[in-house]
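I have placed the structure first, in the form of structure tokens, so that the comments after it can refer back to it.
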């Protein structure tokens, strides 16, 4: 499982890092701890007796693909084994959806992963972060933290997304 986001404490709680928040929730569920492994932070755990890896690339969103490809090679996995978790501006805040394949839909991090892996056949769990009123506000929107009144919806979405990831594993 790979959670997309941007590295560094200044991005930790931004909308763009909600995929990594989902992986943090999964790490708690699996009682897995994080450690640096090359250009990613990785947690190892088990789900229903099977080994799983949680991977957070240490790369900016738009450059995630090569890090994901390298991390998959390190654990002898391929695109069919991957579940990609990330924010989706086209979904209302707090909505969670999964897809078994498809295009990047304008998401630059997903585009980078698709290009690096050479396939759109990637399972995805998408967490809605809402769209700003003006298109010009999109870059700022994804790099801002959630508002206090949005927290209950975001927390519920993170928990729902974690459950969907585990369901995909099953």
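The values are calculated or read from the model by the stated rules, or taken from the named source; none is laboratory data. Since the structure is predicted, the reported quantities are computational estimates derived from the model, not experimental observations. Neighbour counts are summed over all protein chains in view; Cβ atoms, including those assigned to glycine, are modelled from backbone coordinates with ideal geometry.
If the condition is being buried (at least 22 other Cβ atoms within 10 Å of the Cβ) and either part of a loop (DSSP other than H, G, I, E, B) or free of Cβ contacts under 8 Å to residues at least 40 places away in the same chain (or both), then segment 101-121 contributes only 107. Could you tell me which residue of segment 122-153 is surrounded by the fewest Cβ atoms within 10 Å (Cβ to Cβ), considering only residues that are in a helix (DSSP H, G or I) and touching a helix residue (DSSP H, G or I) at 6+ places or on another chain (Cβ under 7 Å)? It comes out as 141. Restricting segment 69-83 to residues that are in a loop (DSSP other than H, G, I, E, B) and farther than 20 Å from residue 17 by Cα, which is farthest from the chain's Cα centre (by Cα)? Top of the filtered list is 76.
Can you pull out the residues in segment 2-33 that are under 8 Å from the mean Cα position of the chain (by Cα) and under 21 Å from residue 48 (Cβ atoms)? Listed by number, the residues that qualify are 2, 3, 22, 23. Against the numbered list (1) farther than 23 Å from residue 154 by Cβ; (2) outside any helix (DSSP H, G or I); (3) in contact with a helix residue (DSSP H, G or I) (Cβ under 7 Å, 6 or more places away or on another chain); (4) touching a residue at least 40 places away in the same chain (Cβ under 8 Å), residue 45 comes up short only at (4).
From the list 86, 11, the lone residue that is within 25 Å of residue 129 (Cα to Cα), in contact with a helix residue (DSSP H, G or I) (Cβ under 6 Å, 6 or more places away or on another chain), modelled with pLDDT under 95 and not in a helix (DSSP H, G or I) is 11.
Every listed requirement among (1) crowded, with 20+ Cβ neighbours inside 10 Å; (2) within 25 Å of residue 141 (Cα to Cα); (3) modelled with pLDDT of 95 or more is met by residue 61 save one, (3). Considered as a group, the residues in segment 20-38 that are in contact with a helix residue (DSSP H, G or I) (Cβ under 8 Å, 6 or more places away or on another chain) and not in a loop (DSSP other than H, G, I, E, B) include one that is farthest from residue 125 (Cα to Cα), and that residue is 37.
Here residue 72 meets each of (1) over 11 Å from residue 2 (Cβ atoms); (2) in contact with a strand residue (DSSP E or B) (Cβ under 9 Å, 6 or more places away or on another chain) with one exception, condition (1).
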